[in-house]
Amino acid sequence: MCFKVVEVQQTFYQPPTPPTVARWRVQAPADFEFTLKAWQLITHESKSPTYRRLTLGWPQRKLDHCGSFKPTDEVQWAWERTRDVALGLKARVVVFQTPASFQPCATNKKNLQKFFQEADRGDFLLVWEPRGNWSDEETYEVCRESNLIHGVDPFRSAPSFGEIRYFRIHGITGYRYRFSQGDLEALREKCQGKCYCLFNNVSMWTDALAFQKLLGGCGRSPEKSSGRNGQDSLNRQR
């Protein structure tokens, strides 16, 4: 097995059942690492098109209480479900990706801070990948105050805070972009210290294999390991 870590994407749309989670963990090698995206009920409001894949069957009045880290029972329940999956997979990292509509207004900042202050974090490393008009200073302050790792695409910006680097690579010009050898060499230079590196483009498998080869072939180098992104999961380098 060339890749040693995968980020599960399915948990963002609808968390898998406990038997499915247990099967994934049993079928994976003992040293294989799972990371996962937090459920969209925490980060995205119901107007997001991603809710089309939600199978809860909740009425709109209940869905209106979801997203944007709102201090509601629904958001708290969604975190508990996400946390249960993370524990079942023995995951170390949970990723919270917020949409561009989640702007740096006072209400969003307050709700985000309150959520992470009160969430049962256990020993998880929590990653926040903001989109939208968050300045470097605002992102740094949020991550510092809530002890979050700033998740970024390293070809678009540099991480502002965190004990590790967590890169989510979406393609320099879009998801159909295929990385050149020069791109991958530049990426290697950005992977300093402890670093996860996710390919999230159409050619993710090919690009991840090429990057792994650049790092020294299949398997894990001392501080980096590579992976790919699939429909239900995203692989990373570390």
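Matching residues to (1) basic (Lys, Arg); (2) more than 30 Å from Pro29 (Cβ to Cβ); (3) under 18 Å from the mean Cα position of the chain (by Cα):
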| residue | (1), (2), (3) |
| --- | --- |
| Thr50 | no, yes, yes |
| Leu56 | no, yes, no |
| Glu74 | no, yes, no |
| Trp79 | no, no, yes |
| Lys90 | yes, no, yes |
| Val93 | no, no, yes |
| Pro99 | no, yes, yes |
| Cys105 | no, yes, no |
| Phe115 | no, yes, yes |
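Find the residue count for the range 153-177, including only residues that are surrounded by fewer than 15 Cβ atoms within 10 Å (Cβ to Cβ) and in contact with an Asp or Glu (Cβ under 9 Å, 6 or more places away or on another chain). Don't jump to the end; show me each part of the working.
Going residue by residue through the range 153-177, those that are surrounded by fewer than 15 Cβ atoms within 10 Å (Cβ to Cβ) are 156-158, 163, 172-176.
With in contact with an Asp or Glu (Cβ under 9 Å, 6 or more places away or on another chain) added as a condition, the list becomes 157-158, 172.
Here the count works out to 3.
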Looking at Phe155, is it assigned to a loop (DSSP other than H, G, I, E, B), touching a Leu at 6+ places or on another chain (Cβ under 9 Å) and under 26 Å from Phe34 (Cα atoms)?
-> yes
When the residues of the range 135-176 are filtered to those that are touching a Gly at 6+ places or on another chain (Cβ under 8 Å) and of a type in the set (Val, Ile, Thr), which remaining residue is farthest from Leu112 (Cα to Cα)?
-> Ile164
Please find, within the range 21-71, the residue that is surrounded by the most Cβ atoms within 10 Å (Cβ to Cβ) out of those that are in contact (Cβ under 8 Å) with a residue 60 or more places away in the chain and assigned to a helix (DSSP H, G or I).
-> Ile42
For the range 170-184, enumerate the residues that are of a type outside the set (Ser, Thr, Tyr) and farther than 17 Å from Trp205 by Cα.
-> Gly182
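Bear in mind these aren't lab numbers, they're just calculated from the coordinates by the rules spelled out. Keep in mind that this is a model prediction, so the values were computed, not measured. Note that each Cβ is placed from the backbone with ideal geometry, even for glycine, and that neighbours are counted across all protein chains shown.
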